[in-house]
1. Given DSSP loops and a limit of at most 15 other Cβ atoms within 10 Å, what is the longest stretch of chain A that contains no such trypsin sites (Lys or Arg not before Pro)?
2. Under 14 Å between C-alpha atoms is the cut-off here; go through chain B and count lysine pairs that meet it, provided they're at least eight residues apart or on different chains.
3. Would you work out if segment A:132-220 is rounded, prolate or oblate? Take a ≥ b ≥ c from the square roots of the eigenvalues of the alpha-carbon gyration tensor; rounded if a/c is under 1.5, else prolate when a/b is larger than b/c, oblate otherwise.
4. Could you state the per residue volume, in Å³, of the convex hull enclosing the Cα atoms of the protein assembly as shown?
5. How large, in Å, is segment B:207-250 by the Kirkwood hydrodynamic radius built from its alpha-carbon pairs?
6. Note the buried accessible area between B and A here, summed over both chains, with a 1.4 Å probe, in Å² to the nearest 100.
7. Please compute the modelled spin-label separation between residue A:141 and residue B:65, points set 7 Å along Cα→Cβ, answer in nm with one decimal.
8. Set the Förster distance to 22 Å, then compute FRET efficiency between residue B:242 and residue B:272 from the Cβ-Cβ distance, nearest 0.05.
Amino acid sequence: MRILIQQIINGLTTGSVYALIALGYTMVYGIIELINFAHGDIYMVGAYGGLIALTLLGTMSTALHLSGMGALLVGLMAGMLLAAAYGFTVEKLAYRPLRKASRLSLLITALGVSLFLENFVMIGQGASDKTYVSIGMLNRNFIVGGVSITMSQIVIFIAAFAIMLGLDLFINKTMTGRAMKAASQDPVTVQLVGINTDRIISLTFVIGSALAGAAGVLVGFYYGVINFSIGYLAGMKAFTAAVLGGIGDIGGAMVGGLVLGLLESLGAAYLSSEYKDAFAFIVLILLLLIRPSGLFGSSRS
Amino acid sequence: MFRRLMIIILSFGCMQSCTHKSNIIRIGVAGPMTGDQSVFGRDERRGAELAVQEWNRSGGVLGKKIEAVVEDDQHDPRQAVAVANRLVSDGVVGVIGHFNSNCSIPASAVYHRAGIPMISHGSTNPQLTEQGFNDVFRVCGRDDQQGKVAADFVCRDLKLSRIAIIQDRTTYGQGLADEFRSHLSSTCRTVYDGSIIQGDKDFRAVLTDVKSKKPDLIYYGGVFPEAGLLVKQARQLGIHAVFMSGDGIMGPEFVNIAGSAADGVYATFGPDIGSVPAARPFIESYRKLYGEPGPYSIYAYVAMNILLDAIKGAQTTVPGKLVSYLHAHTFDTALGAIRFDSKGDVAHSPYVIWQVRDRHFVQR
């Protein structure tokens, strides 16, 4: 029982991270039907953004003592900002000129952007692992009844859920959010009611990338190391989570991420740790055989 | 007309490569230059290049300048074979490397087919020199020696009995874990035997399983990027078992990743070069150029020196003569005298126990 609870905690932590990244996939897909393969690399850029900001702060002044919470917020903000800037630029330079081109060209461009970002960061930041700034507060460890939970896990839960709640409120309660939803249903007709589709698409990329950036910083704190290639596997997993939940559906991406994290953790514990990654994909295939549009996806015409 | 043009082009190509060959002697340096293990590649390149610089400053070898041709195998066996083929077609007279056993073994077949001698500075898997290739050498130890030293230390000195073994399913990691397991004495019992995937960052699922087996010691067969996270996450999960691994975790990177969890971790590696008098000039010139040497810097330096010594001694770069010279002579190196046995291994077992204390590896 104790082991089961521990595995569930472990799984929910990775699951929340997958969910945060999956949201960006699903939002972009919802609005321009593009599988944005560069999204995983935006997450990686976000992780570097947080690290760079914290390192700069650390070297600028040792007198400037950031409390644990302050450093965490600064890191998150920097990561989200940098990721958002990259997401905005990538859409503007790489995807917008191809808006009218075939979907395949767009998809190949996305792969190209992904390779570009990876190599760009590798040249700029070096090929080896970077150790993340360690915040004492996050390394605190609580052991309750033999089950261990670290402060960084708690922070990941809280941050992920706060961000997701904020996103949900934004989309359903604000005018811009509702315009986004409308644009995802029919990007052409919404222009008739005075919605600027270009702006909405830019905004979608900015928000999706900021979420991925936040995930990158949280993962940096959680594992303590990042490198230029972390985006690939994380991107694949988040994509799987988005498909699992039904791509295009925001609630589905959140649930899909959590389910994927749990499946991986429990699969590794009770079946085989070597096939952890394969296990998630097997479940995806099985689910798609039964429900081709994912858990919550509606079949689009 | 076309044929004549082809002949001109081809002869020009030959002319170029022929003049190319006569001016310099090229030696391949292959290892993980990029990726998460790139520090090992960096140390290797620096060690080998330092040797080349020193030789070139005193006039090169056979009256020619020496050039190190650095290639990146990304610790990926497929890449290693591609790199090996490229080095062979580049006309190198010998190769230093590779570092990872899963790269050295497939690459050694390529070099063997071309008849080029290869001296690995860090591949410890026994298989490398058990293939019957007379042109494969290594200046480091073997994992059957390393695994035995570790197992004896755990069972006899630490007197621990419940052992958990985790490995990363690479040639090196799995091989080392197998050697360790086979040398455990009857007082030690394996309570967990599992593996993780190289490149993964989350080992909590496996470690939670390990925790329920209540081990006294976790032995890990693998390399520092995973080892550092493994020990860190183990401590976070409340596992207090002693952690031990092999030469793949040596160096400051392991401590950087694991943080305070690194303290007390044991590893097996060659003796501290700070206490070897012959290594002193190497350490000084390395520090001046690059800073503190990494664990395998000196091994790459020694491997390069041995190869160049052999070229000088044999007065030729003809592979067959070079290989027989390497087998027949004792080399005076920064690690002391080195003589290869018939398999291409160094004669004695170099392994001693190291431990992390105050964030530094120190020899016990």
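The values are calculated or read from the model by the stated rules, or taken from the named source; none is laboratory data. Note that this is a predicted model, so its numbers are computed, not measured. With ideal geometry, Cβ positions are generated from the backbone for all residues, glycine too; neighbour counts draw on all protein chains shown. Just so you know, the surface numbers come from the protein's heavy atoms only, side chains and all, with ligands and any DNA or RNA stripped out. Shrake-Rupley method; radii C 1.70, N 1.55, O 1.52, S 1.80 Å.
1. Answer - A:141-299.
2. 7
3. prolate
4. 197
5. Computed over Cα pairs of segment B:207-250, the Kirkwood hydrodynamic radius comes out at 10.5 Å.
6. Roughly 2400 Å² of accessible surface disappears when B and A pair.
7. 5.5
8. Plugging the Cβ-Cβ distance into 1/(1 + (r/R0)^6) gives 0.55.
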